[in-house]
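In what follows, a structure is listed as structure tokens, so that the remarks can point back to it.
The values are calculated or read from the model by the stated rules, or taken from the named source; none is laboratory data. All of these numbers come straight from a predicted model, not from anything done at the bench. Quick reminder, even Gly has a Cβ in these numbers, built from the backbone with ideal geometry, and neighbours come from all protein chains shown. Side chains are part of the model used for accessible areas, which takes the heavy atoms of the whole protein and leaves out ligands, DNA and RNA. Shrake-Rupley method; radii C 1.70, N 1.55, O 1.52, S 1.80 Å.
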Amino acid sequence: MPDAFADHPTDTFPATDRGLAAYTTLRLGGPAGTMTTAVKTDEAVATVRKATSEGRPILVLAGGSNVVIGDAGFAGEVLLLRNRGVEVVAEDAGEVVVRVAAGEPWDDFVAYAVRNSWSGVECLSGIPGSAGATPIQNVGAYGQEVAHTVEAVHAYDRLADEQLVMTPEECRFGYRASVFKHNDRYLVTAVDFRLARQDLSAPIRYAELARRLGVEAGDRVPLEQARQTVLKLRAGKGMVLDPEDRDTWSVGSFFTNPVVSAEFFAELTAARGEIPNWPGADGTVKVPAAWLIEQAGFSKGFAGTGVAISTKHTLALTNRGGGDTAALLDLARTIRDGVQERFGIELHPEPVLVNCDL
Ligand SMILES: Cc1cc2nc3c(=O)[nH]c(=O)nc-3n(C[C@H](O)[C@H](O)[C@H](O)COP(=O)(O)OP(=O)(O)OC[C@H]3O[C@@H](n4cnc5c(N)ncnc54)[C@H](O)[C@@H]3O)c2cc1C
């Protein structure tokens with residue numbers, strides 16, 4: 001498989017003079033104290049164990065596509081995770097369980113699964129970053145999320161100093177959430193996915209994707225067709241990394257879609273008229289953050305200093321080239337406060353904020 005991280009240096013070096021910007025899709029972030037690259041799982045575990053026993057802070061970084069790192073950087077040790085490998089660990093006529101090393105580029109794995117007629121992750125095509133980061137926020141798009149296919153997560157537990165195999169229940173997956181998010185207790189070393197052996201996709205759940213494919217929701221389509229259609233839809237929104245396209249210098253969606261109570265939503269629609277929504281868990285209502293942002297007066301291209309809302313997608317905050325993290329967070333605050341003022345709904349950031357805050 002091609003190495004999507006190949007452009008990143010992979011040596012171990014004292015990183016005080018090198019910005020972490022080079023390792024994030026936003027191209028933002030100050031220097032690291034030290035940086036170690038681990039190409040083997042044992043090296044990664046040993047690095048985390050050593051930092052823990054010496055009481056040094058450590059930041060695990062893989063594709064850098066879901067982190068906002070402060071301009072002052074991270075004074076501790078940065079572990080750059082680059083362990084690789086894809087292995088079938090169980091199979092029968094109908095299913096396959098595939099173990100994917102955490103440092104494996106996610107989209108390379110999705111392409112590999114599609115080529116092998118393994119069905120279940122095709123709608124997650126084009127998402128940047130590593131396989132090991134997908135359980136962290138239960139990565140999802142176009143009607144699929146990894147919680148649908150994760151069989152087990154292999155992790156090193158810093159607290160207990162032991163390697164674990166965690167069940168999906170133990171991962172406590174939710175909407176862009178899991179036990180791993182905002183929690184540096186675990187280093188994910190590999191993920192097992194249970195995929196169906198078939199040439200057709202899982203049932204298409206997402207209305208926009210079904211429309212583009214010309215099928216009804218619930219239908220299945222050939223895997224490669226699902227992948228290519230998702231890639232096209234994503235590219236049109238600046239959601240596939242392209243170094244030439246500043247609209248993709250982002251963390252994807254900056255805000256999660258807020259989830260509100262049914263009572264609050266009823267009051268809001270009574271006051272403001274119809275509002276797009278999806279049913280959330282336990283009778284709650286999920287409201288599209290992009291719609292709220294637009295209605296609050298922030299349209300595509302709305303700019304701060306060197307940073308702006310993507311010209312292709314209202315939810316993506318982008319570095320136009322001259323920005324820094326402080327400017328990006330200023331822009332995010334302006335948007336968050338505008339939505340709060342207009343609708344009384346608080347937007348929450350989707351990426352992990354490192355040494356900075358909203
Ligand atoms: C253009 C674009 C589009 C995107 N589209 C989507 C989308 O459709 N859906 C979606 O859900 N996300 C999306 N994202 C967000 C992002 O790609 C995913 O969250 C991805 O899984 C992050 O992977 P990463 O390797 O880059 O993680 P990083 O950014 O390196 O890390 C993110 C967080 O996870 C932690 N972490 C990473 N790896 C490990 C590990 N092995 N063990 C423990 N902790 C770890 C880090 O410490 C950090 O806290 C998008 C991002 C971009 C830039």
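Numbers at a glance
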read-out	value
Residues of the stretch 334-358 that turn out to be free of Cβ contacts under 8 Å to residues at least 60 places away in the same chain and either among the acidic types (Asp, Glu) or farther than 25 Å from ASP184 by Cβ (or both), as a count	8
Top-ranked residue in the stretch 273-293 [being open to solvent by 60 Å² or more (accessible area, probe 1.4 Å) and touching a Phe, Trp or Tyr at 6+ places or on another chain (Cβ under 9 Å); ranked as farthest from the ligand (Cβ to nearest atom)]	ASN277
Top-ranked residue in the stretch 232-257 [being among the β-branched types (Val, Ile, Thr) and open to solvent by less than 30 Å² (accessible area, probe 1.4 Å); ranked as farthest from the ligand (Cβ to nearest atom)]	THR256
The stretch 200-223, subset more than 30 Å from MET166 (Cβ to Cβ) and in contact with a helix residue (DSSP H, G or I) (Cβ under 6 Å, 6 or more places away or on another chain), residue surrounded by the fewest Cβ atoms within 10 Å (Cβ to Cβ)	ALA217
Among (1) open to solvent by 20 Å² or more (accessible area, probe 1.4 Å); (2) farther than 21 Å from HIS348 by Cα; (3) of a type in the set (Val, Ile, Thr) - the single one ILE136 does not satisfy	(2)
Residue ID - farthest from the ligand (Cβ to nearest atom), chosen from residues in the stretch 64-87 that are within 30 Å of SER201 (Cα to Cα), open to solvent by less than 60 Å² (accessible area, probe 1.4 Å) and out of contact with any Gly (no Cβ under 6 Å at 6 or more places or on another chain)	VAL86
Among the residues listed as ALA303, ALA262, ALA296, ALA270, the single one being hydrophobic (A, V, I, L, M, F, W, C), open to solvent by 70 Å² or more (accessible area, probe 1.4 Å) and over 23 Å from the mean Cα position of the chain (by Cα)	ALA270
Residue in the stretch 181-205 that is nearest to the ligand (Cβ to nearest atom), counting only those that are in a loop (DSSP other than H, G, I, E, B) and more than 25 Å from CYS356 (Cα to Cα)	ARG205
Residue match in the stretch 206-216 (condition: more than 12 Å from the ligand (Cβ to nearest atom), assigned to a strand (DSSP E or B) and acidic (Asp, Glu))	no
Residue in the stretch 39-53 that is outside any helix (DSSP H, G or I) and either open to solvent by less than 70 Å² (accessible area, probe 1.4 Å) or within 17 Å of HIS182 (Cβ to Cβ) (or both) present	no
Within the stretch 140-180, tally of residues that are away from the ligand (no atom under 12 Å from the Cβ), assigned to a loop (DSSP other than H, G, I, E, B), among the charged types (D, E, K, R) and surrounded by 14 or more Cβ atoms within 10 Å (Cβ to Cβ)	1
Residue within the stretch 259-277 that is outside any loop (DSSP other than H, G, I, E, B), of a type in the set (A, V, I, L, M, F, W, C) and within 30 Å of ALA21 (Cβ to Cβ) present	no
Number of positions in the stretch 86-108 that are in contact (Cβ under 8 Å) with a residue 60 or more places away in the chain, more than 15 Å from VAL153 (Cα to Cα) and not in a strand (DSSP E or B)	4
Residue in the stretch 114-130 that is within 12 Å of the ligand (Cβ to nearest atom), modelled with pLDDT under 95 and either part of a loop (DSSP other than H, G, I, E, B) or over 30 Å from PRO222 (Cβ atoms) (or both) present	no
Residue among THR149, THR167 that is in contact with a strand residue (DSSP E or B) (Cβ under 9 Å, 6 or more places away or on another chain), farther than 24 Å from PRO276 by Cβ and free of Cβ contacts under 8 Å to residues at least 40 places away in the same chain	THR167
Flag if THR334 is within 16 Å of the ligand (Cβ to nearest atom) and either part of a strand (DSSP E or B) or not aliphatic (A, V, I, L, M) (or both)	no
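Each row is one residue, and each column tells you yes or no for (1) closer than 21 Å to CYS123 by Cα; (2) without any contact (Cβ under 8 Å) to a residue 24 or more places away in the chain.
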site	(1), (2)
ARG211	yes, yes
GLU216	yes, yes
ASP219	yes, yes
ALA226	yes, no
GLY252	yes, no
ALA262	no, yes
GLY283	no, yes
VAL287	no, no
